[in-house]
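K.L.:
First the structure, then my questions, so here it is.
The values are calculated or read from the model by the stated rules, or taken from the named source; none is laboratory data. This structure is a prediction, so every number in the text was calculated from the model and none was measured. Positions of Cβ are generated from backbone atoms using ideal geometry, with glycine treated the same way; all protein chains shown enter the neighbour counts. Keep in mind that these areas ignore ligands, DNA and RNA; they rest on the heavy atoms of the full protein, side chains included. Shrake-Rupley method; radii C 1.70, N 1.55, O 1.52, S 1.80 Å.
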Amino acid sequence: MKFIITSLFFLIICTLSAQVVNIEKKRTKKAEGGLQGNIDLNFALTETTKQIIQGKNDIKFQFIHKNNTVLFFNNLSLMQIDNEKFLNDGFQHLRYNYNIIKDNLIAEIFVQHQYNSIKKLNRRMLGGFGPRIKIVENENIRIFSGPLCMYEYEELLTKEVHEKWRASIYISLSVDYKQIKINSITYYQPNISETKDYRISSDSSLNIGITDKLSFKSGFSLSFDSQPPEDIASLFYTLNNGVSFTF
């Protein structure tokens, strides 16, 4: 029973911060032409007094040809104890980028499907467009911003349906200086017709090299929804720290 509670708690915390999908974090930093990507699949079956099934996949594809970039991401998580699902979370995201002015200005179009049983979200479908703008890019620092516009269709497990237009404004920061690496992305997504209805999502990581093989790692993620479904908290955040040893 302790194993069940611990596993359930860990998986729930990991998915709560994912209500707003961090696409920026999934981009390939040093992109080359052609098709790139990775597929991660995980499955576990535990039989005690109860049967526990855990599964997860994480798929990423990126295709680049001249000024065109196509991105596709798929992420699914499932935890089931006997016949009861405790966790059912996932998203699929397709994005097209066209490089207008040498990486300084890029046109973006995207569609997304998402669901999250813990958030009482049966399905959320998005479609949007807008520019991706380079603010700074050199050997040590990269800053990009994207003031996008998107249409949102949201259906809750309670059968409530919401349709609205939102802005989706993000700013991303990457710093790589000597032994210090910082990555941060923050989204602000207000309802265009009702600015009191908004979401904020932030994901940051810090990596400090202590020696050539030992480094300290810290991560922080936060999500806030000003108008969450009934009985769901507005604010969720996670903080993790650790060390990494390579040889």
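K.L.:
Could you calculate the FRET efficiency of ILE232 with GLU137 from 1/(1 + (r/R0)^6), where r is the beta carbon distance between them and R0 is 51 Å, rounded to 0.05? Working shown, then result.
P.N.:
Details: r = 38 Å, r/R0 = 0.75.
The pair ILE232/GLU137 has a calculated efficiency of 0.85.
K.L.:
Mind checking which of SER168, ASN88, LEU126 is farthest towards the positive end of the chain's charge dipole, using Cβ charges of +1 (Lys, Arg) and -1 (Asp, Glu) about the Cα centre?
P.N.:
Most positive-ward Cα: SER168.
K.L.:
So what is the calculated 222 nm ellipticity per residue for the chain, using -39500 (n - 2.57) for each DSSP H run with n of 4 or more, over all residues, to the nearest 500 deg cm²/dmol?
P.N.:
Numbers: 1 runs with 15 residues, N = 247.
Calculated mean residue ellipticity at 222 nm is -2000 deg cm²/dmol.
K.L.:
With a 1.4 Å probe and every protein chain left in place, work out the accessible area per residue of the stretch 64-181 in Å², rounded to a whole number. Show your work: numbers first, answer last.
P.N.:
Values: 6220 Å² over 118 residues.
Here the residues of the stretch 64-181 average 53 Å² of exposed surface.
K.L.:
What order do LEU78, LEU45 take when sorted by accessible area (1.4 Å probe), most exposed first? Write down the numbers at each step before the final one.
P.N.:
Working: LEU78 55, LEU45 100 Å².
Final ranking, largest accessible area leading: LEU45, LEU78.
K.L.:
Filter the trypsin sites (Lys or Arg not before Pro) in the stretch 140-247 to those in DSSP coil with at most 10 other Cβ atoms within 10 Å of their Cβ, and list the result.
P.N.:
Working: sites: ARG142, LYS159, LYS164, ARG166, LYS178, LYS181, LYS196, ARG199, LYS213, LYS217; in loops: LYS159, LYS178, LYS213.
Within the stretch 140-247, the qualifying trypsin sites (Lys or Arg not before Pro) (loop, at most 10 other Cβ atoms within 10 Å) are LYS159, LYS178, LYS213.
K.L.:
How large a share of the accessible area of the stretch 118-247, in percent, is made up of carbon and sulfur atoms when the probe is 1.4 Å and the other protein chains stay in place? It would help to have the intermediate numbers written out before the result.
P.N.:
Numbers: 4450 of 7590 Å².
Answer for the stretch 118-247: carbon and sulfur cover 59 percent of the accessible area.
K.L.:
For the charge dipole of the chain, defined by +1 on Lys and Arg C-beta atoms and -1 on Asp and Glu C-beta atoms about the Cα centroid, which residue among ILE182, PHE236, ILE52 has the Cα displaced farthest towards the positive pole?
P.N.:
ILE182
K.L.:
Could I ask something else about it? Among the GluC sites (Glu not before Pro) within the stretch 147-247, which fall in a DSSP loop and have no more than 12 other Cβ atoms within 10 Å of their own Cβ?
P.N.:
Working: sites: GLU152, GLU154, GLU155, GLU160, GLU163, GLU194, GLU230; in loops: GLU160, GLU230.
Here the GluC sites (Glu not before Pro) that fit, given the DSSP loop and packing criteria, are GLU160, GLU230.
K.L.:
Pop a pseudo-label 7 angstrom from the Cα along the beta-carbon direction at both ARG123 and LYS213 and give the gap in nm to one decimal.
P.N.:
Label-label distance for ARG123 and LYS213, simple model: 5.2 nm.
K.L.:
Given the options SER193, SER201, SER184, state which has the largest fluctuation in a GNM of the chain using a 10 Å cut-off (strictly under) for Cα springs.
P.N.:
Maximum among the listed residues: SER193.
K.L.:
Once the whole set of protein chains is in place, how much accessible area is left on ASP225, using a 1.4 Å probe, in Å² to the nearest 10?
P.N.:
Counting only protein heavy atoms, the figure is 10 Å².
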